[in-house]
Amino acid sequence: QVKRLDRTDGDIDALTQRIAHIRTWTYVSFHGDWLGDARHWQNRTRAIEDKLSDALHDRLTQRFVDKSTAHLMMKLKDTPDLMAAVTASGDVVVEGHPVGHLKGFLFEAGGANGDAAGKTIAAAAGRALKGEFRRRVVALEQAPDTDITLAPLDGRDAGTILWGGVPVGRLVKGEALLRPAVRVTASDLLDAQGRDRVARRLERWIADHLARLFRDLLALDKASLTGPAKGLAFRLG
């Protein structure tokens, strides 16, 4: 009887019925005089109930996602402008449905399984986030230099540029050791113009940042040097 309940296939109704049945067996197992080795059956029935409960949660979540995706599909067809908002924590809500998370300029779709659902959410987010991306680009351009930092050089995120503690770019090889280039950390939803503006702001920041840190070394560019000293200055600058 217990063994046949230890399966997670089926729809929501089937899982609900199995949970009800296994709870009955859990009740029985707590009457020590009804079963031999009651402790074994208590552990067994609890483990099965936990497994079934997790499966039921997944089914309920998927049902919600499917309904949300269908609703968004209809809205995308009928409405050119979608009502959208980004919460203070970065959660993206479109037409009342949570569709993902925005971290800096990187959008991470959430709650969708399958190509159709993923494409629908990406399309909805793409329309809805245009204004938010424009606002964030302007905010970064106007942000004081103190709001932008580099991740610790001794960590796994070394070389990452942070804005308000959130990754927005990464240093890559540039023309010289003290003139690195910047690769913007952003999703494809940020258009080319916005990406270029972000890159220019970060390049300006890193140039000023390195100028403060390595003022004397960068001054070698303007110095009249010969021989080995000139070669060293060339490699650094």
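Can you sort W41, W163 so the residue with the fewest Cβ neighbours within 10 Å comes first?
Listed from fewest to most nearby Cβ atoms, that is W41, W163.
Grab the beta carbon distance between L213 and V138, set R0 = 25 Å, and tell me the FRET efficiency rounded to 0.05.
In this case the efficiency is close to 0.35.
Based on other C-beta atoms within 10 Å, arrange F107, F133 from fewest to most.
Going from least to most buried by this count: F133, F107.
Taking H placed 1.01 Å from N in the peptide plane, check which residues at least 5 places from L106 or on another chain put their amide H under 5 Å from its amide H.
S187
Could you list which residues have their amide H under 5 Å from that of G169, counting only those 5 or more apart in sequence or on another chain, with H placed in the peptide plane?
Those qualifying (amide H under 5 Å, at least 5 residues apart or on another chain) are I161, T185.
Could you put T24, T185 in order, starting from the residue whose Cβ has the fewest other Cβ atoms within 10 Å?
T24, T185
Each value in this text was obtained by applying a stated rule to the coordinates, not by laboratory testing. Bear in mind the structure is a predicted one, so any value in this text is a computation, not a measurement. Glycine gets a Cβ as well: all are built from the backbone with ideal geometry, and neighbour counts include every protein chain shown.
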